[in-house]
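The numbers here are math on the coordinates, done by the rules we state, and not lab data. For clarity, every value in this text was computed on a predicted model and none was experimentally measured. Note that we place each Cβ from the backbone using ideal geometry, even for glycine, and neighbour counts take in every protein chain shown.
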Amino acid sequence: MASRSWSALSVLTGFLVAPGLAAGQSPAAPTFTKDVAPLFYRSCTECHRPGSQAPMSLVSYADSRPWARSIKTQVQKRQMPPFHVDRSVGLQKFKNDPSLTDAEIDTIVRWVDAGSPQGNPADLPPVPQYRDPNVWTIGEPDLVIKFPKFLVPAKAPDLYGDLFADLDLDEDRYIKAIQTRSATANSHKVTHHALSYTVPSEAIAGDMSTEGGQFLVEYASGKNAEVYPEGTGVLLKKGEKARLSYHTHSWGEDTYMEVEVGMKLYPKGYVPPKIRWSKQLAQPSAPLDVPPGSVARSDGYVFMHKPAKIIAFQPHLHLLGTRQCLELIYPTNGASAKTEVINCINFNNSWHLSYNYEDDVAPIVPAGTVLHNIQWHDNTAANPRASDPRNWVGNGNRTVDEMGFFWLGWVELTEEEYRKELAERQARAKSRTATTQQQ
């Protein structure tokens, strides 16, 4: 096996240890009003509130108390809030990260174990001012594409096809943030995925499998918005059409799939210095093979021909997928290979999240780096999403088949840009180490 080396690109974190309690002294049990409600208000109640998409409200003590044991289970497993980064490996700084720290999870667990006390009502912080659940998370879009609605029958095989819509542009513009969403309450239940593109108007009469077009963004269940770093963007061309490549899956009721894409745009005439690329990469190097009652690993690889900064990482698996890791294999120049695990995601098919790196830690890679996709599929009775663990499962496009690749967002760097940013990061890491040693 190649030797593992954590490079200067890794995040160095310190841990503060709270002073110990005096001998025989027990910490006071956390209360809802003082200790738990602030955590819920920050990380949970944007969804868990009346009128929003989650199945129960956690705004008040009366709302939360009946769900205490379930809350404990979900936060201990890091299923909720839905942000499924393995905290024991790799980078840990992401944009719009709602997750709880280990100490915060411990607070909730101790609250439940103590009987979920309410505490002093005077300690309750003000309830947040919530945004309208129908409002775009990227802010009011400058452009919204509404695709035609498509009826998905109550019982039908998985369906595939394309829908088209106009682009209301009077000149070329660049995207700085993009979000796909279901326009109705049930639309997401039948939308396995939806890929949006722009294509020349004359191309829509052709074969979309060969025409393709300019890729914009992928949508699947639970997908969040993508906000590009300042100075990076994706081109929208005046006169082109918007294309939605869809895959639907029936759920027992006639349901219309209605998808819309909202975009924040750079000002007219502005051309960002960098193009933001996004592709599905690192398909398994051998066909997926998940025997009955087993957990199977597969691997995929992709070669980076130019230096790059990785902006976002999004795993894509299906119902049996449980975990995916992104590893960098650096060019060796004859030396022993150096590798670095950037992140591992404990995958949940209900939440196809894009993990957007904070700008100062977004991985930078030299030309010649190999991106290694490592993933696991669980076809056992222990996986509640396994439709029938007695059956063999292989790769395919249907929901009940399997896939395994990742969506990657990145910008290309010149050799000079790569060396400059690497030197700056190494200097910052050295400074942090010196500061830590002095403390």
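Dipole magnitude of segment 211-283 about its Cα centre, charges +1 at Lys/Arg Cβ and -1 at Asp/Glu Cβ only, in debye to the nearest 20? Working shown, then result.
Values: 10 positive and 9 negative charges, 118 e Å.
My answer is approximately 560 debye.
From most to least packed by mean Cβ count within 10 Å, the peptides 213-224, 249-260, 284-295 give 213-224, 249-260, 284-295. Rounded if a/c is under 1.5, else prolate if a/b beats b/c, else oblate: with a ≥ b ≥ c from the C-alpha gyration tensor eigenvalues square-rooted, which is the chain? Rounded. For the chain, the 222 nm mean residue ellipticity estimated from helices alone, with every DSSP H stretch of n ≥ 4 adding -39500 (n - 2.57) and the total spread over all residues, rounds to -4000 deg cm²/dmol. Relative contact order of segment 278-418: 43 percent, from C-alpha pairs under 8 Å at least 6 residues apart in sequence. Shape call for segment 205-363 from the C-alpha gyration tensor, a ≥ b ≥ c root eigenvalues: rounded (a/c under 1.5), prolate (a/b greater than b/c) or oblate? Oblate.
Size of segment 343-439: Rg and Dmax of its alpha carbons, in Å, are 20.1, 59.
Under the criterion of Cα pairs below 8 Å and six or more residues apart, the relative contact order for the chain equals 19 percent.
Residue farthest toward the positive end of the dipole of the chain, with Cβ of Lys/Arg at +1 and Asp/Glu at -1: which of Ala429, Asn348, Phe303? Value: Ala429. Sorting 47-60, 372-385 by their mean Cβ neighbour count within 10 Å, with the most densely packed peptide first, gives 372-385, 47-60.
Counting neighbouring beta carbons within 10 Å and listing from fewest to most, the residues Lys274, Lys420 come out as Lys420, Lys274.
Among the cysteines of the chain, those whose beta-carbon sits 4.7 Å or more from every other cysteine beta-carbon are Cys44, Cys47.
For Ile311, the residues 5 or more places off, or on other chains, whose built amide H falls under 5 Å of its own are Gly409, Trp410, Val411. In straight-distance terms, cross-link reach from Lys93 covers every one of the aspartates and glutamates whose alpha-carbon lies under 14 Å from its own, apart from those fewer than eight places away in the same chain; here that gives Glu358, Asp359, Asp360.
In the structure displayed, which of Lys189/Lys306; Lys241/Lys309; Lys77/Lys189; Lys95/Lys238; Lys189/Lys241 lie more than 28 Å apart, Cα to Cα? In this structure, Lys189/Lys306; Lys241/Lys309; Lys95/Lys238 lie more than 28 Å apart at Cα. One Cα centroid belongs to segment 385-439, the other to segment 286-303; the line between them spans 19 Å. Sorted ascending by nearby beta carbons within 10 Å, beginning with the fewest, Val400, Val271 become Val271, Val400. Placing unit charges on the Cβ atoms of the charged side chains and taking the dipole of segment 43-189 about its Cα centre, the candidate lying farthest along the positive direction among Ile175, Ser99, Phe147 is Ser99.
Quick one: dipole size for segment 239-356, taken about the Cα centre, charges +1 on Lys/Arg Cβ and -1 on Asp/Glu Cβ, in debye to the nearest 20.
740
Order these by the 10 Å Cβ neighbour count, fewest first: Glu415, Glu358.
Glu415, Glu358
Note on the chain: dipole from Cβ charges, positive end direction compared against Pro331, Leu163, Leu216; the farthest Cα belongs to Pro331. When only Cα pairs below 8 angstrom with a gap of at least 6 residues are kept, segment 143-273 shows a relative contact order of 51 percent.
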